[in-house]
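The values are calculated or read from the model by the stated rules, or taken from the named source; none is laboratory data. Since we're looking at a predicted model, the values are computed, not measured. Quick reminder, even Gly has a Cβ in these numbers, built from the backbone with ideal geometry, and neighbours come from all protein chains shown. Accessible surface areas use protein heavy atoms only, side chains included; no ligands, DNA or RNA. Shrake-Rupley method; radii C 1.70, N 1.55, O 1.52, S 1.80 Å.
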Amino acid sequence: MNSPTKHIIVGTAGHIDHGKSSLVQALTGIDPDRLEEEKRRGITIDLGFAFLDLPGVRIGFVDVPGHEKFVSNMLAGAAGIDLVLLVIAADESIKPQTREHFEICRLLGVRQGILVLTKSDLADEDTLSLAKLDVQEYVRGSFLESAPIISVSSKSGAGLAELREQLARSANTVQGKDSAGMFRLPIDRSFSIKGFGTVVTGTLVSGSVAPGDEAELYPSAHRLRIRGVQSGGKSTARALAGQRTAINLAGMEHTAIKRGMVLAKAERFRPTRRIDVQLELISSAPLLKQRTRVHFHCGTLETIAEIRFHGADQLRGGEIGFAHLRVQEPTLVLPRDRFIIRQFSPVITVGGGVVLDNLARRPAAKDSGRVDFLKTLEKRDNRAILRAMTLRSLFGLSQQEIAARTGWTDESIQETARLEQESGNLRIVGQSPLLLVGQNSFTDLRSKIMGAVESFHKANPLSPGMAREDLRGKAGRRVRQEVFRAALEELSKEQKLVLQGETVKRAGAEVTLLPEELRARDQIETAFAGAGLAVPPVKEVLAHLSVETKRAEKLLQLLLKEKKLLRVSPELIFHTNALQEMRQKVANYKKAKSERISVPAFKELTGISRKYAIPLLEYLDRERVTRRAGDERVIL
Ligand SMILES: Nc1nc2c(ncn2[C@@H]2O[C@H](COP(=O)(O)OP(=O)(O)O)[C@@H](O)[C@H]2O)c(=O)[nH]1
Ligand SMILES: [Mg+2]
């Protein structure tokens, strides 16, 4: 049977000189100590890499330095490992960096491991069994409690075959990384190869990558083309999550790329400087106070972070709490990423945890929902997470925002949104791209709109409806156009509102006039109707009414809207009957006299002065009843 090969990363951990690098070399035949200085000094300074093919699984080894001075290098490598080989020299047993590395692996969420007692050739039976007991005692109650213990000698080769078999077995039960996810590679090295140019390496923590792909370098937002991909020392058509990967990049000098940067899917994510996390202090750590500054290690990045606790003002050794990290350098992290913090001086590991909100808001006393929100994020239930995120985005949550805040694929975002809408928890107000709004804020918006329309009708009984733009202003400027439109459309569909072009009114809302208003309206109409074409000034008509000017103006507007009156020029308003009569006269003139009419002839025909004649002729031109030709008009 041809089952696809599984790819996992195995990391070493343990005190300096306990035989980690020798073990990797003995297992793989590859010397992980690649630097000149490492060979000369006989110590591992930086990360080393090697590969091993076992039945059904390809293992990428990350060999880390054990020296306390190089723990930050160790952390850059430890971030991607699926399974740890905790290496303890049988003749020395547990030492300080055994403990520190073990704590780091635990805080990084490594779930599986093998305990390897090295240098078995240097220990007699008693020493060996004592070391075994020591180690078993030490890991009791931890993720390594039931890990197999194997003693080996890299020198004599004793135990290596057993270790290989155990590796193959353990590898099978490791939950591998998700190669269907979004491409993401935290960079651990950047160098240049003659004839190729820039090459970066790292553990592919999610997704896959192929030559020709476009990627983005975070946090700088540079777009880069992927020229070539290697894994396991060979070119490949596609590297998958869980593989040690080398990428040949076009478009950037290797010196501009540093460990800690991340190569990932272009235009998908946002670098951050504010992260909400679940933080755990190791039991031996000193108490941490509000605003303590620490070294922050996440992925391959090392920077400085300032800690603020949510809902507490300190954290003691052994405690777990929610915290906000303000990081010095912008970086790409995603929820569920693990991190480590180390104290400033002396530089020791004090804790670590998991990213909950990678794009956190600045801590604020009034943000009382934050702790509950973080509790939801912690539960890892995608539907609950999307629901909570939508609830916190009062003005709508876009697909882009969800992608940057979760790392989920588009399919998974769409599917989760669909299920949540079906359960009535949120509304999909835009489909592609997706735009979500919480059911609560949508309901609030609907009542806000209804309320605003209602008060408008109350305040403006003479107006047929409210301008859409004014209504939008009342609903809140921060409400997205799509959300506002969706609410209006729904209210109109339910026949609660009537939309007429740019006007919105409550269904059934009619302009109802008071008796004195009815009288005033008739007075206005009569004034214009009686005047024929020699209309009085508008102001004069309104001044003689029994209602105050403001209401009188509204009544005039109403007559204009009803098309009983017509405004021909800014100053002149006519009754439509009078205009109709005038049109008739012009038509008769054409039939009886001529196709052309001069201004004096028009004045005579209608019996009006020049003051009215000119605006009326211009009105007829606009209406295409006449067309100007020199001093005359052609009647059309
Ligand atoms: N006798 C003996 N020496 C070993 C064994 N494994 C490693 N060493 C020696 O221990 C020293 C440290 O080994 P190294 O692999 O560099 O340790 P690391 O610092 O944990 O990577 C070197 O001198 C090795 O030759 C072993 O199984 N038996
Ligand atoms: Mg070493």
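If you count only protein heavy atoms and use a 1.4 Å probe, how large is the accessible surface of LYS234, to the nearest 10 Å²?
Surface accessible to solvent at LYS234 totals approximately 120 Å².
Roll a 1.4 Å probe over the protein heavy atoms and report the accessible area of SER192 in Å², nearest 10.
Spelled out: SER192, probe radius 1.4 Å, area about 70 Å².
For the range 223-229, take each phi angle, set θ = phi - 60°, evaluate the Karplus expression 6.51 cos²θ - 1.76 cosθ + 1.60, and give the result in whole Hz per residue in order, putting x for glycine and proline.
Working through the residues one at a time gives 8, 10, 9, 8, 8, x, 10 Hz.
If you scale each eigenvalue of the Cα gyration tensor by 5 and take the root, what three semi-axes come out for the range 208-330, rounded to whole angstrom and sorted largest first?
36, 16, 12
Would you list ARG405, ARG99 from the most to the least accessible area, probe 1.4 Å?
ARG99, ARG405
What's the magnitude of the charge dipole for the range 382-524 around its Cα centre, counting Lys and Arg as +1 and Asp and Glu as -1 at the beta-carbon? Answer in Debye, nearest 20.
Using Cβ point charges on Lys, Arg, Asp and Glu, the range 382-524 gives about 340 debye.
Any idea of the accessible area per residue across the chain, 1.4 Å probe, to the nearest Å²?
Value returned for the chain: 48 Å² of accessible area per residue.
How much of the pair distance distribution for the range 519-563 lies past 13 Å, counting alpha-carbon pairs only, in percent?
50 percent
Kindly flag which residue pairs out of LYS448/LYS493; LYS554/LYS585; LYS458/LYS550; LYS564/LYS593; LYS505/LYS550; LYS20/LYS132 have an alpha-carbon separation exceeding 23 Å in this structure.
LYS554/LYS585; LYS564/LYS593
Out of residues 5 or more away from SER179 or on other chains, whose amide H comes under 5 Å of its own, with H placed 1.01 Å from N in the peptide plane?
Result for SER179 returns GLY207, ALA241.
List the aspartates and glutamates whose Cα sits under 18 Å from the Cα of LYS265, skipping any in the same chain fewer than 8 residues away.
Partners found: ASP178, ASP188, ASP213, GLU214, GLU216, ASP337, GLU401, ASP410, GLU411.
Ignoring ligands, DNA and RNA, what percent of the 1.4 Å accessible area of the chain is carbon and sulfur?
For the chain, the apolar C and S fraction of the accessible surface comes to 48 percent.
Give me the compactness ratio for the chain, meaning the Cα radius of gyration over 2.2 N^0.38 Å.
Working it through for the chain, the quotient is 1.53.
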